[in-house]
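Have a look at the structure below, then the notes.
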Amino acid sequence: MVTDALEAGIGQFVILGAGFDTRSFRLIAPAGAKAFEVDLPDNIARKQRLLEKRFGQVPRHVTLMATDFETDDLTERLAASGFEPDASSMYVVEAITQYLTQDAAQRLFSFLATAPAASRLIFTYIDQNFLDGRDLDGWESVHRKWSRRTRCGPSASTLRLSASSCAGTTGPNANRSARGTTARGTSKLPDGT
Ligand SMILES: C[S@@+](CC[C@H](N)C(=O)[O-])C[C@H]1O[C@@H](n2cnc3c(N)ncnc32)[C@H](O)[C@@H]1O
């Protein structure tokens, strides 16, 4: 999809909750397009260190943006980083909404709704019923695994959640629920298909 967008002439990519996604370095920057990678400050600092170690510096065309969707204004952050709001862009929102509060997820999608014509969106989500452990219908063991792994967020070391802020959590995102949002479409069905 990123390659399709590049071929269609899209020159600006915004990867929200980028984590350690490498498409900016493998596909976007080499094609001469701009990438804005947005994530929490700790993750951005770690990625910057790794990029500097690998390339000597953060590759040209890639801007790392330390931003917290819960508290920061994404529009303002992007504007301050050289993002062109009137240019058609591709937005990548993968495996992130399940970690956001409902308010932050709504703000994120309100921001996306302002994208100019011909912009594109890659979006994955996990159904809220799954996050809440409701109507699992054969997905119980997958949900148990998810709950164990994410009791304190997807990875307490990459997210800013601390052990104390997780205390009392009864399931994934018990205090960070984003209704109606969520996951990759590649999960296996309960029967393993
Ligand atoms: C499961 S990772 C997904 C990374 C990447 N998009 C992928 O699909 O491989 C979720 C990412 O969302 C980021 N994230 C979670 N909460 C966030 C927030 N409030 N603001 C910004 N980024 C956040 C995490 O730091 C992490 O890098």
- Item | Filtered residue count, the range 80-113, keeping only those that are touching an Asp or Glu at 6+ places or on another chain (Cβ under 9 Å) and of a type in the set (G, A, S) | 1
- The number of residues in the range 89-146 that are of a type outside the set (D, E) and more than 29 Å from D73 (Cβ to Cβ) is 13
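Where a number appears in this text, it was derived from the coordinates with a stated rule and is not lab data. Source: prediction; values computed, not measured. FYI the Cβ positions are ideal-geometry reconstructions off the backbone, even for glycines, and counts take in every protein chain you see.
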